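Structure record follows, encoded as structure tokens.
The values are calculated or read from the model by the stated rules, or taken from the named source; none is laboratory data. For clarity, every value in this text was computed on a predicted model and none was experimentally measured. Every residue, glycine among them, receives a Cβ derived from its backbone with ideal geometry; neighbour counts consider all protein chains shown. All accessible areas refer to the heavy atoms of the entire protein, side chains included, with ligands and DNA or RNA removed. Shrake-Rupley method; radii C 1.70, N 1.55, O 1.52, S 1.80 Å.
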Amino acid sequence: MRFVATTQQIKGRNKTLNKKRLLTSLLAIASSTVLIAGCSSSGTSEEAAPAEESAVYQGPVGDTPGTINILAWPGYAEDGSTDPAVDWVTPFEKESGCEVNVKTYGTSDEAVQLMQSGGYDVISASGDASLRLIYGGDLQPVNLDLIPNYADIFDNLKDRPWNTVDGLNYGVPHGRGANVLQYTIGKVDPAPDSWSLVWEANSPVAGKITAYDSAIYIADAAVYLMSTKPELGITDPYALDQTQFDAAMELLKQQKPLVGEYWADYTKYIEAVQSGSIVAGTSWQVIANVLNGEKETVGAVKPKEGATGWSDTWMISKNVEAVDCAYKWLNWIIKPEVNAQAAEWFGEAPANSKACALTANKDHCKLYHAEETDYWSNVYYWKTPTETCLDGRTDVKCVPYSEWVKAWSSFRSA
Amino acid sequence: MSTNSLAKVQQYLHKNIKARITALLLLPMTWLVVIYLGSLAALFITSIWTVDDFTNKVIRTFTLENFIEILSDRAYLNVTIRTLLIAASVTILCALIAIPMSFFMARVVSPKLRPVLIALAITPLWASYLVKIYAWRTMMSPESGFLTWLLSPFGIKSPGYGLVSVVLALTYLWLPYMIIPIYAGMERLPNSILDASSDLGAKPFKTFFKVVLPLTYPAIIAGSIFTFSLSMGDYIAVQIVGGTFQMLGNVVYQNFALDLPFSAAVALIPVIVMVLYLTLIRKSGALENL
């Protein structure tokens, strides 16, 4: 049971990319539909601006019944359809009188696209999606006074740049994880404590290194540069000016000959580690747990330089109709019992401090470092890089995410 | 009443040949024009649009920036050349394997065995693409794969994941598409021509190269269209056995959620290549003989 759950979890965290690949043949057909849909959607670009303070719902949260459509990472809003024993949507429906429809998505980019297409009321967004949605005007600020369980959220998750803009909160934190350095025990000796293992040209495991196959991985290069090239002055790996960005791309190019494969598909990653073609690289705690299912074969550390990570937030659409239900859901999903259940199913650190006492595996929070404040101090959660530097610099323009994607696409194709 | 009107329709169709043809072709033509050409047109139109940098929404204004980006970035030229080389290698390998195989099946073995051999040749098509490609992944694994086991006693290193693996895997995947047309072409050859060749003193090899091959050339071309276009568009095999390499399809996949117009522009490259390829083939006259 434990293993089943864990596998399910990564399926979720892996953003079901592989599921998407399974559906490639459908994709080919669907792409034409997408194109046609593209024609019919509004052509004018809406003014990108976050909401006004007056948009905050003043409450009170009543008992109006309604329907909410939830857009979530797989594993975040389970209604028993994956596993009858895993269900925190049905109890919510019974208690609140609200009807819930869940739609899962595979990547942050897909989430943004779906949210923009409309029809969804509540979304669980990672930091690299949330800002795009906030500035795209798709969300409404959330009145946290109406969400009693918010008080129990870990303080270091509150009022952070990916969930709070201009002093307005846009949601409640769900859970978080770090992108760790995973190594095969026995193949990498001694155990590494630095990302230099995967970045430096003289790496002892050259050719057997893996890296995450997404533009957001550029931030991992920036994290390493923060400690190896302090003269670049990087303080936030998601706020890179052109010089800093170029240095990160240089580092990635230096790494490319060392890389055996880039990964975005967890099954492929696990198989590569098991067959020995990959022995070191960036990973998620939950992948390491699966690999260590029978026997301790890999180690997972957060190196001394720090690491990138994710922190997900439940947010409400600007156009929500059943606003009472939306607020009730936000309060429900971060309730200690539910948060514990969801975090454990998914394999990440819960956001609610009281959830740790309620997990089925009593070591869960320890395993995922949920309660250690120090652990998270150098974890740089995914954020969407914007032209306005996220680290507060105003004398220079930063490289926006669209340029990251272009650079990544070109880098991978070269 | 209804029998009466049915008879009227029959009468009308009987008299009017244009109506008959229209009725017959309406559905397939709708499919061809709306679904097939329509989506190609949509692809083309999308490629001259752009997206909002931050929200990734498509902005429908005319711009050539996607094409300028593709042409100005050396990486995209590289990926195009790489894709072409892979497609060409796969096509040549498939032809090299399929020609003798088809000849054997069509002309050498007894007619009773032919259906069995044909069935065997196409059995790989019964298995899922993903199953086959993951099997190749296991076989090509640089550490514990079948090829490593096979080659290491001779001191040869397995190619591991990379372009060689992609070419091998795609050759395996598309081989039936090459065998079937060539087999059909060779089976159609009249015996009299082969007899005439040997009567005139040609040795079997000479007959094969001077008579059989030129006559089955259109069939080989037909097979090459399949293997070449299927390889051009593939992006899964290269993800699974290609190591860090990418093909054109990967670029499309990588960008389609964030920058649909750019993806559309990249997707036009294989379309252009195939149009050029078909034009060349048409010029050579092979299409008329299919």
Tell me, yes or no, whether the range A:123-133 has at least one residue that is small (G, A, S) and in a loop (DSSP other than H, G, I, E, B).
no
Given the criterion within 14 Å of chain A (Cβ to nearest Cβ), part of a loop (DSSP other than H, G, I, E, B) and open to solvent by 10 Å² or more (accessible area, probe 1.4 Å), identify the matching residue among B:Y253, B:Y235.
B:Y235
Are any residues in the range A:247-279 among the charged types (D, E, K, R) and outside any helix (DSSP H, G or I), and if so, which ones?
A:E261, A:D265
Could you list, in sequence order, all residues of the range B:238-250 that are in contact with an Asp or Glu (Cβ under 8 Å, 6 or more places away or on another chain) and within 7 Å of chain A (Cβ to nearest Cβ)?
B:G243, B:T244
Say whether the condition of being buried (at least 22 other Cβ atoms within 10 Å of the Cβ) and in contact with a helix residue (DSSP H, G or I) (Cβ under 8 Å, 6 or more places away or on another chain) is met by at least one residue in the range A:298-305.
yes
Pair list, Cβ < 9 Å and 6+ apart or interchain, from the range A:398-414 residues that are more than 8 Å from every other protein chain (Cβ to nearest Cβ) and on the phi > 0 side of the Ramachandran plot to residues that are open to solvent by less than 20 Å² (accessible area, probe 1.4 Å) and in a helix (DSSP H, G or I):
none
Based on what the data block shows, is B:W149 open to solvent by 30 Å² or more (accessible area, probe 1.4 Å), within 14 Å of chain A (Cβ to nearest Cβ) and without any contact (Cβ under 8 Å) to a residue 12 or more places away in the chain?
yes
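Residue-wise test of (1) in contact with a strand residue (DSSP E or B) (Cβ under 6 Å, 6 or more places away or on another chain); (2) assigned to a helix (DSSP H, G or I).
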| position | (1), (2) |
| --- | --- |
| B:P218 | no, yes |
| B:S224 | no, yes |
| B:F245 | no, no |
| B:P261 | yes, yes |
| B:M274 | no, yes |
Here the residues within the range A:364-397 that are among the polar types (S, T, N, Q) and within 10 Å of chain B (Cβ to nearest Cβ) are A:T384, A:T386
Given (1) assigned by TED's automatic domain parsing to the domain that holds A:D166; (2) touching a strand residue (DSSP E or B) at 6+ places or on another chain (Cβ under 8 Å), identify the lone condition not met by A:K328.
(2)
Criterion (in contact (Cβ under 8 Å) with a residue 24 or more places away in the chain, in contact with a strand residue (DSSP E or B) (Cβ under 7 Å, 6 or more places away or on another chain), within 12 Å of another protein chain (Cβ to nearest Cβ) and of a type outside the set (S, T, N, Q)) met by exactly one of A:V259, A:V223
A:V259
